[in-house]
Amino acid sequence: MLLVVSRLNRRFLLAFLVVGVAAVSSTGSGASIPAPKLRLPLDLAVTGAIVYIADGERHQILRYDLTSRRLTVFAGTGRSGTAGDGGRAANARLTEPTELLFDGAGNLYFCDVNQGRVRRIDRRGIITTVARVPTAAGIAIDPAGNQIELIQRP
């Protein structure tokens, strides 16, 4: 299986390579991925048969199930902001999420870059801010989720 995010043409491409047969799904013409459509995919993370996609223009993190081929909203209302800590991720406001990473416990971490925050969505779907860094541009995390390394803009 090959997973590609193209930032230049705002397309999300999944190519499933199965013993000489390739099936392709795309948000371009002839799309077979159901709504919501991607607008500005910035990053993705894969765990099992689930692909999480950070869509900067939608201010959301989407969840694509490789088995059912369904694309749904995982986090974010679609409105820019920082509200929602301590509640369901789907009801929170995000601002151009990027840098999706999973720790060993299955928690999803990401940068809310324009808000200068690193946020976590736990396995129950609860979102919290774990760090506030105005110049955060990226993150790295150890598998246990005990140490977060921040990459900062100059």
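Every number here is computed from the coordinates shown, using simple stated rules; none is lab data. Keep in mind it's a predicted model, so treat the numbers as computed, not measured. Note that each Cβ is placed from the backbone with ideal geometry, even for glycine, and that neighbours are counted across all protein chains shown.
Some observations on this one:
- Extent along principal axes [Cα atoms of segment 58-109; Å; largest to smallest]: 32, 25, 20
- Size of electric dipole in segment 60-125: Cβ of Lys, Arg +1 and of Asp, Glu -1, about Cα centre, debye, nearest 20: 260
- Look at the alpha carbon pairs under 8 Å that are at least 6 residues apart: their mean separation over the length of segment 50-100 gives a relative contact order of 37 percent.
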